[in-house]
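First up is the structure itself, then whatever we jot down about it.
The values are calculated or read from the model by the stated rules, or taken from the named source; none is laboratory data. In this text the structure is predicted, and so the values were computed from the model without any measurement. Heads up, the Cβs are rebuilt from the backbone with ideal geometry, glycines too, and the neighbour counts pull from every protein chain shown.
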Amino acid sequence: MEFSSKLLENAVYEMSQLPGIGKRTALRLVLHLLRQPSSQTEHLIKALGQLREEIKFCKKCHSISDDHICDICSNPNRLQEIVCVVEDIRDVMAIESTGQYRGLYHVLGGKISPLDGIGPQDLNIASLLFKVNAGEVKELIFALSATMEGDTTNFYIYKQLEDQEIKTSTIARGIGVNDELEYADEVTLGRSILNRIPFENALKSE
């Protein structure tokens with residue numbers, strides 16, 4: 001791809017570093033920004049700058065938040081003894097959109113994936129185990145994507161809790177194997193939360 005401007009080329013290159021955006025899409029986005037009033041670009045730059053400088057991660061669940069404790073964790077009406085284990089904030093948003101879940105969350109920040117060099121120590125697993133050991137949690141709901149990495153992560157956490165008197169369940173497999181949670185429709189995801197099954201039953205069916 002030949003560029004008539006080095007500035008344009010640099011902007012397209014940086015835009016194409018975003019996931020799912022190739023150089024042609026990046027070029028289309030950059031040209032769109034150039035056609036808009038300069039104030040729109042300034043608003044975008046300001047929003048991204050604030051995101052990087054001011055965003056926080058909830059000290060309790062590790063979700064992205066404007067404050068040190070997120071709105072869900074600080075809500076007294078949420079069921080404090082039920083914790084749904086998810087990969088990232090996209091899964092929190094997907095489950096919240098169903099309106100079917102009233103417990104708390106724990107965001108791992110990824111899944112165990114030896115091929116990608118991601119081990120248990122790279123995820124927010126230690127803080128989850130601390131919550132359980134402190135007696136704060138009565139039920140863990142595993143809501144990771146139905147992939148090999150998701151199942152590996154679920155099983156690893158489950159094995160760490162073998163000596164604990166805690167209920168472990170997993171969302172019903174209305175979610176297809178290898179499907180990412182964020183792409184599930186709200187009705188299917190909501191029913192999967194409501195109809196969750198004991199985690200040990202999920203192990204027997206595999």
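General remarks:
- Test result for Thr98, over 19 Å from Phe199 (Cβ atoms) and either modelled with pLDDT under 90 or of a type in the set (Phe, Trp, Tyr) (or both): yes
- Some residue of the stretch 56-64 being closer than 30 Å to Gly109 by Cβ, touching a helix residue (DSSP H, G or I) at 6+ places or on another chain (Cβ under 8 Å) and outside any loop (DSSP other than H, G, I, E, B): yes
- Test set (1) surrounded by 13 or more Cβ atoms within 10 Å (Cβ to Cβ); (2) of a type in the set (Lys, Arg); (3) within 30 Å of Phe130 (Cα to Cα) - Lys23 fails condition number: (3)
- In this structure, Ser38 does satisfy being at pLDDT below 95, among the small types (Gly, Ala, Ser), farther than 30 Å from Lys131 by Cβ and not assigned by TED's automatic domain parsing to the domain that holds Leu128.
- Of Leu144, Leu115, Leu128, all but one fail to be assigned to a helix (DSSP H, G or I), modelled with pLDDT under 95 and aliphatic (A, V, I, L, M); the exception is Leu115.
- Given (1) touching a helix residue (DSSP H, G or I) at 6+ places or on another chain (Cβ under 8 Å); (2) in a helix (DSSP H, G or I), index of the condition Ser39 fails: (1)
- Tally of residues being farther than 16 Å from His62 by Cβ and acidic (Asp, Glu) across the stretch 97-151: 4
- Gln121 being in the same structural domain as Asn154 (by TED's automatic domain parsing) and at pLDDT 95 or above: yes
- Screening Val12 against (1) assigned to a loop (DSSP other than H, G, I, E, B); (2) in contact with a Lys or Arg (Cβ under 7 Å, 6 or more places away or on another chain); (3) more than 30 Å from Gly135 (Cβ to Cβ) leaves a single unmet condition, (1).
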